[in-house]
Amino acid sequence: MSARRLALVTAPRTGEAFESWVDRMARVNRCPPAEVATMMGLGLRGASADVRPPLFGVRSDDVVRRSVFAATGVSDERVDAMHLSVFEGGPLSVSAVLAAGRARRPSEGREWAAVHGSRACPCCLLVSGGVWQLWWKLSCAAVCPEHRVVLLDRCPSCGWVLRWGGERPRVVPAQWVRPPTCCANSVRGRPCSQWLPAVRVSRADGGTVEAQRRWLDVACGRVRPGLGGVEVAAGEWFAALRACVILLRLGLPRVLGRLPDVPGWCARVLLEERVERGAHGGRFGWGPASARAAASFLTVVMPLLAAEDMRELSRRLAPLVRTAADEGCLAARPLARLAVPEVFAEAVAAQVPVGRSARSPWEKGSSR
């Protein structure tokens, strides 16, 4: 369907997610988001309950750009900036996100981003009038650096992941206008009316806030990351961060006694997440299960990656590597899949115990 010029257009906000903008456009035009998407010429997948345009919110293309511009006058650059593809080559791979989108729970798979759902800061939603930030969809979104609170994962009323869609995953409601500051997940055919700014959230630890800020600087391309005194590509840096998260999971609970200065709340959350994720080896590579889990991983892992030289990096990684070796888990497949930078692989290899059957997952000749 060709795009139609909409009568009322509201401009996208800086950092806003594409589906958030469509929701706000639907609100000002007083029609369901699916109708707005259709008028934009986005091409819905039929009239089923799972109303979702192809690539919706993940990556735009020439057809989407032309259609959106014809309907709203919004430029190609602003349309691209509202899609997860802005994080390509850093926290995620768009092709992997699209592949994960075919799974029932894509946000819990190998790619660390939510295709359907999102986390949120209730304070930001109140101040902005319902603008959902794009970075909230990333699995390491843990705390709001501005309001210093832990992000909200689930609606306290309906229990579903925010913007998941309720009983069936649906990001473009076809029957009602979704208030930007409300949950509006589908519950028995009706939108959940929970007003999210009223939800009480926890204050974030100061160290976690700073860790989230540094993580966001790298994710948004504001700084060039380094490891052990060596400048590395953003994708490699995020691969190293994932490797640390996996090693930490593999070493639980013993590794907690070997790591210095782990806050008590971090230890509790990490052990809870281990139970939630289950003991299956394949799940060690999944993204953090919640904002609280993401906050714990950032609090523990970010200081490890801040080492100023390779020797210090190796020393800081020692508890993770040696505990995983003791547990016989260094050969875990999720580790070997990661394209970590050479400096990180060398730092890990230096801590593999000598004379043991354990070997670094990035040792030359090891299978992936």
Matching residues, the stretch 152-185, being under 21 Å from the mean Cα position of the chain (by Cα), open to solvent by 50 Å² or more (accessible area, probe 1.4 Å) and touching a residue at least 24 places away in the same chain (Cβ under 8 Å): PRO156, TRP160, ARG168
Sole residue being of a type in the set (Lys, Arg), open to solvent by 30 Å² or more (accessible area, probe 1.4 Å) and under 28 Å from LEU335 (Cβ atoms), chosen from ARG188, ARG224, ARG200, ARG249: ARG224
Lone unmet requirement of (1) within 24 Å of the chain's Cα centre (by Cα); (2) at pLDDT 90 or above; (3) not β-branched (Val, Ile, Thr) for MET25: (1)
Residues of the stretch 182-223 satisfying the condition of being assigned to a loop (DSSP other than H, G, I, E, B) and β-branched (Val, Ile, Thr): VAL199, VAL201, VAL223
Residues that are open to solvent by less than 50 Å² (accessible area, probe 1.4 Å), β-branched (Val, Ile, Thr) and modelled with pLDDT of 80 or more, drawn from the stretch 67-118: VAL68, THR72, VAL74, VAL79, VAL94, VAL115
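Kindly evaluate ALA239 against the criterion of being under 20 Å from the mean Cα position of the chain (by Cα), of a type in the set (Gly, Ala, Ser) and either surrounded by fewer than 23 Cβ atoms within 10 Å (Cβ to Cβ) or not in a helix (DSSP H, G or I) (or both). Break it down stepwise before answering.
On the way: under 20 Å from the mean Cα position of the chain (by Cα): yes; of a type in the set (Gly, Ala, Ser): yes; either surrounded by fewer than 23 Cβ atoms within 10 Å (Cβ to Cβ) or not in a helix (DSSP H, G or I) (or both): yes.
Yes, satisfied.
Taking the stretch 143-154, which residues are part of a loop (DSSP other than H, G, I, E, B) and either touching a strand residue (DSSP E or B) at 6+ places or on another chain (Cβ under 7 Å) or modelled with pLDDT under 95 (or both)?
ARG148, LEU151, ASP153 - these are the residues of the stretch 143-154 that are part of a loop (DSSP other than H, G, I, E, B) and either touching a strand residue (DSSP E or B) at 6+ places or on another chain (Cβ under 7 Å) or modelled with pLDDT under 95 (or both).
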Test: residue in the stretch 289-303 that is under 22 Å from ALA358 (Cβ atoms) and charged (D, E, K, R): no
Matching residues, the stretch 157-207, being aromatic (Phe, Trp, Tyr) and modelled with pLDDT under 95: TRP160, TRP164, TRP176
Complete set of residues in the stretch 70-79 that are over 15 Å from VAL22 (Cβ atoms) and assigned to a helix (DSSP H, G or I): ALA70, ASP76, GLU77
Leading residue by the ranking (surrounded by the fewest Cβ atoms within 10 Å (Cβ to Cβ)) among those in the stretch 307-330 that are in contact with a helix residue (DSSP H, G or I) (Cβ under 8 Å, 6 or more places away or on another chain) and aliphatic (A, V, I, L, M): MET310
Residue in the stretch 119-136 that is farthest from ARG27 (Cα to Cα), counting only those that are part of a helix (DSSP H, G or I) and open to solvent by 10 Å² or more (accessible area, probe 1.4 Å): TRP135
Helices (runs of 4 or more DSSP H) within the stretch 284-368 that include 3 or more residues farther than 21 Å from CYS140 by Cβ: 310-326, 342-349
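The values are calculated or read from the model by the stated rules, or taken from the named source; none is laboratory data. In this text, all values refer to a predicted model and were calculated from it rather than measured experimentally. FYI the Cβ positions are ideal-geometry reconstructions off the backbone, even for glycines, and counts take in every protein chain you see. Each accessible area value is taken on the protein alone, full model and side chains, heavy atoms only, with ligands, DNA and RNA left out. Shrake-Rupley method; radii C 1.70, N 1.55, O 1.52, S 1.80 Å.
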